[in-house]
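Asks: This is the structure, below, for whatever I ask next.
The values are calculated or read from the model by the stated rules, or taken from the named source; none is laboratory data. None of the values given here were measured: they were computed from a predicted structure. When we count neighbours, we look across all protein chains shown, and the Cβ atoms used for this are built from the backbone with ideal geometry, even at glycine.
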Amino acid sequence: MKRWLFHTLCLCLGLSVVAQEKEDQRLQESYDVMREVLNAPDKGIPHDLLDKAKCVIIVPSMKKGAFIVGASYGRGVMVCRGGEDFNGAWSAPAMFALEGGSFGFQAGGEATDYVILVMNDKGARSVMSSKVKLGGEASIAVGPVGRTSSAETDAVMNAEMLSWSRSKGVFAGLSLEGSTIRSDDEANKKLYGKDVNAKQIIVQREVKTPPAGQSLNQLLNSTSARPA
């Protein structure tokens, strides 16, 4: 009996370590995507938009299977400026999932990175409160490309979120209307070792940034420390 209990305990610990490594990998891949996007010489996200943003959502290598009707699903992370008014330093990461069906994708299993900027308090709170349909409960627009691009168009000024995609090295604004975004609570539990939701992580700061998420925090704090 003791030997059985010992092996069961070892198995549980092993599964916990594997789960932790999976979430750590998601954080590392999100950092890699954001670093490359911010360092793009002329086709990245305009820095003035990042300075105005309340949150950043990064979905690395989102898988798309598409023939006539495309289905897509990706797991990523969201970090926000801390505090009730989203005006502080960038928070610990919360795990999120992006899902949706779409038309017009190429056939095959092409992987695409997505970056979404949440531009105001209303958008940030809506994403943290429940599963949100983009273009429905929360407005979303195609993000402009280029570090010196003007961010003063009506679509950009009025949208709660702006979205971009990167596939095969090509970075471009892309609409995600019709997709849904939700907190990945199972992944949050694996990452932090307890049940915590996005609001507890970002606004209430009940957990500290894990080691695997520190590079992303440092990148954002060094690039855009406070909202403009």
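Asks: What residue, among those in the range 198-224 that are in a loop (DSSP other than H, G, I, E, B) and on the phi < 0 side of the Ramachandran plot, is surrounded by the fewest Cβ atoms within 10 Å (Cβ to Cβ)?
Replies: It comes out as 208.
Asks: Also, quick follow-up: Can you pull out every residue in the range 171-202 that is hydrophobic (A, V, I, L, M, F, W, C) and out of contact with any Phe, Trp or Tyr (no Cβ under 8 Å at 6 or more places or on another chain)? Before you say what the answer is, go through the steps one by one.
Replies: Here is the first cut: in the range 171-202, the ones hydrophobic (A, V, I, L, M, F, W, C) are 171-172, 174, 176, 181, 187, 191, 196, 198, 201-202.
Selection gives 187, 191, 196, 202.
Asks: Among the residues of the range 52-69, what is the count of those that are at pLDDT below 70 and crowded, with 18+ Cβ neighbours inside 10 Å?
Replies: Adding up the residues that qualify gives 3.
Asks: Tally time: how many residues in the range 31-41 are surrounded by fewer than 18 Cβ atoms within 10 Å (Cβ to Cβ), modelled with pLDDT of 70 or more and out of contact with any helix residue (DSSP H, G or I) (no Cβ under 8 Å at 6 or more places or on another chain)?
Replies: Summing the residues that are surrounded by fewer than 18 Cβ atoms within 10 Å (Cβ to Cβ), modelled with pLDDT of 70 or more and out of contact with any helix residue (DSSP H, G or I) (no Cβ under 8 Å at 6 or more places or on another chain) in the range 31-41 gives 4.
Asks: Can you name every one of the strands (runs of 3 or more DSSP E) wholly within the range 70-183 that holds 3 or more residues which are at pLDDT below 85?
Replies: 94-103, 170-173
Asks: If you don't mind, there's one more thing I want to ask. Would you confirm whether any residue within the range 184-197 is in contact with a strand residue (DSSP E or B) (Cβ under 8 Å, 6 or more places away or on another chain), under 19 Å from residue 120 (Cα atoms) and surrounded by 15 or more Cβ atoms within 10 Å (Cβ to Cβ)?
Replies: Checked the range 184-197: no residue is in contact with a strand residue (DSSP E or B) (Cβ under 8 Å, 6 or more places away or on another chain), under 19 Å from residue 120 (Cα atoms) and surrounded by 15 or more Cβ atoms within 10 Å (Cβ to Cβ).
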